[in-house]
Amino acid sequence: MNETLQLLSRRRSSKAALLAAPGPSASELETILTIAARVPDHKRLVPWRFIVFEGEARAKFGEVLAETLVKEDREAPSAVRLETERQRFMRAPLVIAVISRVVETPGAPEIEQVLSCGAAAHSLCLAANATGYGTCWITEWYAFSAGVAAALGLAANERVAGFVYIGTETEKQPDRERPALTQIVTRWPG
C-alpha cells in the first residue's frame with residue numbers, strides 16, 4: 001500500500017483537548033492551507049475561506065465566546081462554563097475556522113459550493129495529518145451562533161462550516177468501528 005493510502009486508511013480525528021504544542025510552523029501552515037485550497041470548485045467560485053487563530057488570538061477569541069454565550073444563552077452560564085469558553089481555543093496551538101461562502105451563480109448549485117467547502121475542510125485535516133499533526137473538526141454551539149458570526153465578520157452569504165483544531169497528539173485515539181461496505185454500498189442493476 002502506498003503512503004497516501006496508508007495515511008487515508010489510518011485517518012482518525014483526535015480529541016481537541018489532546019492536541020498540544022508544537023503546532024505547525026509558518027511554512028507548514030502555508031503548505032497545509034495551500035493543499036486545503038486544492039479541491040473541486042465548479043466555476044472557480046472559491047466558496048470557502050479560512051480564519052486562522054494562533055498565539056494570543058486564541059485567548060482573545062475565548063473572551064468573545066464567553067461574552068457571546070452570556071448574551072445568547074437562555075440561562076445565565078455558570079462561572080465554570082464561562083471559563084470553559086474562555087479556554088476553548090486554547091485546547092490546541094492552532095485553530096482554523098473554515099467558512100462556507102455561497103455565491104448565487106447559474107450552473108453552480110448551492111450544494112456544490114457547500115460540498116466544496118467540506119472538501120476544503122477535510123483536505124485541511126488530511127494535509128495537517130500528513131505533516132504529522134492531529135486534527136479535530138468541530139461544530140459546537142459557536143459554529144451556529146449569530147454573535148460569533150458577527151465577531152468573525154461573516155457576510156450574509158457566509159457561515160461557519162467548522163473549526164479545525166491542529167496540534168501534536170499527546171495520546172493516540174483508538175480507532176472506532178467503521179461501517180461495513182455491505183451496509184453502505186449498493187450496485188444499480190441497470
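The values are calculated or read from the model by the stated rules, or taken from the named source; none is laboratory data. These numbers come from a predicted model, not from an experiment. FYI the Cβ positions are ideal-geometry reconstructions off the backbone, even for glycines, and counts take in every protein chain you see.
When we screen Glu28, Glu54, Glu3 for residues that are exposed (fewer than 14 other Cβ atoms within 10 Å of the Cβ) and acidic (Asp, Glu), the only hit is Glu3. Of the residues making up region 136-175, those that are of a type in the set (D, E, K, R) and either farther than 16 Å from Ile51 by Cα or exposed (fewer than 13 other Cβ atoms within 10 Å of the Cβ) (or both) are Glu140, Glu169, Glu171, Lys172, Asp175. Of the residues making up region 36-47, at least one is touching a residue at least 60 places away in the same chain (Cβ under 8 Å), touching a strand residue (DSSP E or B) at 6+ places or on another chain (Cβ under 6 Å), within 27 Å of Gln113 (Cβ to Cβ) and crowded, with 18+ Cβ neighbours inside 10 Å. For region 54-86, a residue qualifies if it is touching a residue at least 12 places away in the same chain (Cβ under 8 Å), of a type in the set (Val, Ile, Thr) and under 16 Å from Phe163 (Cβ atoms), and the qualifying residues are Val64, Thr68.
Matching residues to (1) among the aliphatic types (A, V, I, L, M); (2) out of contact with any Asp or Glu (no Cβ under 8 Å at 6 or more places or on another chain); (3) under 18 Å from Lys43 (Cβ atoms); (4) at pLDDT 95 or above:
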position: Val70; (1), (2), (3), (4): yes, yes, no, yes
position: Ala76; (1), (2), (3), (4): yes, yes, no, no
position: Pro93; (1), (2), (3), (4): no, no, no, yes
position: Ala121; (1), (2), (3), (4): yes, yes, no, yes
position: Ala143; (1), (2), (3), (4): yes, yes, no, yes
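Residue-level analysis places Arg12 among those that are assigned to a loop (DSSP other than H, G, I, E, B), surrounded by 11 or more Cβ atoms within 10 Å (Cβ to Cβ) and among the basic types (Lys, Arg).
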